[in-house]
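Below: one structure, written as structure tokens.
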Amino acid sequence: MDKTRVLIWDLPTRVFHWLLAASFLGAFVTAESERLRDVHVMLGYTMLGLIGFRLLWGVIGTRYARFGSFAFGPRSVVRYLKSLFSRSPQHHLGHNPAGSWAIYALLATALVAGLSGYLTYSDIGGDWLAELHEGAANAMLAVVFVHIVGVVVSSFLHRENLAAAMVNGRKAGRPGEGICYRHRIVAALLVLATLGFWAGGADYLGPIPGNSPEAATARNHVAHRDRG
Ligand code: HEM
């Protein structure tokens, strides 16, 4: 049967993706600034909220968004990577096996970065949590890099613009392989919740304990020790 353009990524998954990418980049570039500490913390909380949503959507979402559709073992990853060097690289409508591992790594590092950030700025835990926070954020940056390289390489090998598919939701497939619903209302609620949080965020957060003089001293202590 001929291939056509079918809907693969529902709207909530796409909205989640770009909000997570923007929040991570925003949190990363504001990480060192005392002045933008509130923005950094708010974007970190946004990431935690988004991950919470994605964990739920991975269970109740549409076919290709569900974790069950991209639960690949190490052998599948090796087979997939080998196939890339053959004449007929494996093609997956949803996430491919290698990409799925990068995605789980992104979700895990985002979760660890967000939780350790929350605990650090609530003055719970010590220097090790601040270090874990920084380590998780750097690890996430490295995985983002691998993720983007993977997207570009597989777009090239399959002659299909995967980044555009994360925007319009469509890939080449057979009729019947696509999903039926975009879930616009869920996506709209996700956008509204995020914008609402950003708009009133500073009020909900209250004084950030991590901005206390004690917390600032602890952070400076870690920074000086790392430099020294
Ligand atoms: C901070 C940057 C980024 C983060 C944290 C990130 C994170 C993620 C996550 C978590 C997923 C899984 C989506 C899901 O199933 O929920 C994903 C998939 C995807 N991302 Fe990103 N992403 C980032 C940047 C980008 C960029 C810049 C592009 C475009 C070049 C991109 C293209 C894609 C594509 C095409 C997929 C689907 C992969 C597939 O076809 O299997 N991402 N990304």
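Which condition from (1) under 19 Å from the mean Cα position of the chain (by Cα); (2) within 11 Å of the ligand (Cβ to nearest atom) is the one that H158 breaks? Exception for H158: condition (1). Does at least one position in the stretch 96-110 carry a residue that is in contact (Cβ under 8 Å) with a residue 60 or more places away in the chain and not hydrophobic (A, V, I, L, M, F, W, C)? Checked against the condition, which is being in contact (Cβ under 8 Å) with a residue 60 or more places away in the chain and not hydrophobic (A, V, I, L, M, F, W, C), the stretch 96-110 yields no hits at all. Residues of the stretch 22-54 that are within 10 Å of the ligand (Cβ to nearest atom) and without any contact (Cβ under 8 Å) to a residue 24 or more places away in the chain: A22, L25, G26.
Within the stretch 1-10, being touching a Gly at 6+ places or on another chain (Cβ under 7 Å) and either in a loop (DSSP other than H, G, I, E, B) or within 13 Å of the ligand (Cβ to nearest atom) (or both) holds for K3, I8, W9, D10.
Checking the condition within 12 Å of the ligand (Cβ to nearest atom), in a helix (DSSP H, G or I) and either at pLDDT 95 or above or of a type in the set (A, V, I, L, M, F, W, C) (or both), which residue from V59, V15 passes? Write out each step before concluding.
On the way: V59 fails: within 12 Å of the ligand (Cβ to nearest atom).
Within the list V59, V15, the selection yields V15.
Tell me yes or no: at least one residue of the stretch 13-24 is surrounded by 15 or more Cβ atoms within 10 Å (Cβ to Cβ), farther than 30 Å from S122 by Cβ and touching a Gly at 6+ places or on another chain (Cβ under 9 Å). Yes: the stretch 13-24 contains one or more residues that are surrounded by 15 or more Cβ atoms within 10 Å (Cβ to Cβ), farther than 30 Å from S122 by Cβ and touching a Gly at 6+ places or on another chain (Cβ under 9 Å). For the stretch 23-56, a residue qualifies if it is outside any helix (DSSP H, G or I) and of a type in the set (A, V, I, L, M, F, W, C), and the qualifying residues are A31, L36.
The values are calculated or read from the model by the stated rules, or taken from the named source; none is laboratory data. This is a predicted model, so every value here is computed, not measured. FYI the Cβ positions are ideal-geometry reconstructions off the backbone, even for glycines, and counts take in every protein chain you see.
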